[in-house]
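Just below is one structure, and these are the notes that go with it.
The values are calculated or read from the model by the stated rules, or taken from the named source; none is laboratory data. Here the structure is a predicted model, which means the values were calculated and not measured. Heads up, the Cβs are rebuilt from the backbone with ideal geometry, glycines too, and the neighbour counts pull from every protein chain shown.
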Amino acid sequence: MFLTAIIVYLAVLLTIGIYKTRSVKTQEDFMVAGRKTPVYKLVGTLLATWIGSGSIIAGAGLAYRVGFSELWLSAGAWVAIVIVYFLAGRVRKISQYTMPDILEQRYNKWARILGTITIVIAYVTIASYQFKGGAFVLNLVAGIPVEQGIIITAVFVVLFTALAGLVSVITMDIINGTLMLLGIVLAVPIVLNDVGGWTSVREALPPDRFAIFGQKDFIWAMGVFFPTFFLLLGESSMYQKFFSAKDAKSARQAVIFWVIGTIIIETSITALAVFASAKFKLQESEKVILHLATHGSEIGLPQIIGIMLIVAAMAIIISTANSFLLTPSTNLVRDIYQRFINPNATHKQIITLQRILILILGFIGYLLLTRFQTVLQMALTAYTMIGAGITPALLAAFLWKRVTTAGGVASIATGMGITLIITLINMFRKEPLLEADYIVLPAAAGSILVLIIVSLLTPPDPPEKRKPFVENKE
């Protein structure tokens, strides 16, 4: 039943992708869905993009181990989305295609190049651990070895993403967003009842599972809060979705429903993991939600809820993988090939090249999976790469008139550089130089410090550079 449900779901998605290829005729169609996306579709795709294996696998696994203090990881995104509300309209009015478009418009071509490198590294990493999440699902429902499941998931994601670009991804995400809400939110009260209620959960688990910092401290909380906070504020895929909105008002309205949906779903995932930890003793904590879906009958969970939960998990994984492959391929085509190599490329050349790059990046993502031990490590490293490398310079472009081109470029290079150096050192040491939970602290601090110091030491940029990014007229 579980496998049949997943096959039906994937078949529906593939049918949508094939159908939508007919509507892709231009670069604008493939990259930003023709800039015609209404509010309800924008909400669905923002929700489906953000909630991925980082939530259903890494976040749930952390919640299984530490309890409700895992919400510090999720809360970083919630706070960031509130800030995004005030930027969404201005981002849409700029009407570009990619995040590096914005970086070059405010700073220079080096900001575009460094931003593109940062996004490609981080986003291929994020897409790759979605492949592992899909493999976990296939392993549990069909006994397919994880190594083969990774290949199957990667092939499907690459094929679907290459078919119709953002047009198919946004259409599919309406289905995915609905499945997430129904499958996960409906499961919470049922699972709580099946494990004996709130009192039984409190009695079965140690008190620290309900403490504000769990067994950790404030420094740890900030170590997991800031990667998601900074990532979301610099999330290139999100800005690409804003560029696809039909107007600035639609972009702002979508953010309101997005934050509500995100809080509900991520809190529900954490609650499910904590409730499950009261009954199931697992060696691999990152599979807790998937185990709950497929073995929930042991505690009385109706099979239909388990099926909805497993399909919702697959929807979360596939939708995020699509977006995080589409975005870096868009960046390479738009920000490197079209900007520096072939400015006069035709729409057909651009779409063909992007489809080839989706295939190449998917393969690179597959290779990356061998370099990290857990999905959580991969998630925090990728989040930090974007959060420290791009977010400070991006926010400064909209919020600080005194930021200069030199300051912005130096900030991107510093944030990306510190993250990359610590990550590479960790890969070749038995004991990490700095745990993934804490890399964001020196990386973000260095990026922000360099941004401020270099900007104050260099002459202000001309007013025409700042004008599109500030509210008031100069």
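Is it the case that Gly149 is crowded, with 18+ Cβ neighbours inside 10 Å, without any contact (Cβ under 8 Å) to a residue 60 or more places away in the chain and within 27 Å of the chain's Cα centre (by Cα)? Yes, satisfied. Before we move on, is Thr405 surrounded by 18 or more Cβ atoms within 10 Å (Cβ to Cβ) and closer than 27 Å to Asp461 by Cα? Criteria met by Thr405. Residues in the range 37-85 that are touching a strand residue (DSSP E or B) at 6+ places or on another chain (Cβ under 9 Å) and not in a helix (DSSP H, G or I): Thr37, Pro38. Counting residues in the range 415-437 that are without any contact (Cβ under 8 Å) to a residue 40 or more places away in the chain, surrounded by fewer than 23 Cβ atoms within 10 Å (Cβ to Cβ), among the small types (Gly, Ala, Ser) and under 18 Å from Arg112 (Cβ atoms) gives one or more. Screening the range 339-361 for residues that are free of Cβ contacts under 8 Å to residues at least 60 places away in the same chain and surrounded by 15 or more Cβ atoms within 10 Å (Cβ to Cβ) and picking the one that is nearest to Ile117 (Cα to Cα) gives Leu357.
Here's the yes/no breakdown for (1) at pLDDT 90 or above; (2) small (Gly, Ala, Ser):
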{"residue": "Val169", "(1), (2)": "no, no"}
{"residue": "Ile174", "(1), (2)": "no, no"}
{"residue": "Gly177", "(1), (2)": "no, yes"}
{"residue": "Ala204", "(1), (2)": "yes, yes"}
{"residue": "Gln240", "(1), (2)": "no, no"}
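Candidates Ile256, Ile184, Ile263: the one that is assigned to a helix (DSSP H, G or I), more than 23 Å from Ser69 (Cβ to Cβ) and not basic (Lys, Arg) is Ile256.
Considering (1) surrounded by 15 or more Cβ atoms within 10 Å (Cβ to Cβ); (2) in contact (Cβ under 8 Å) with a residue 12 or more places away in the chain, the lone condition that Pro459 does not fulfil carries the number (1).
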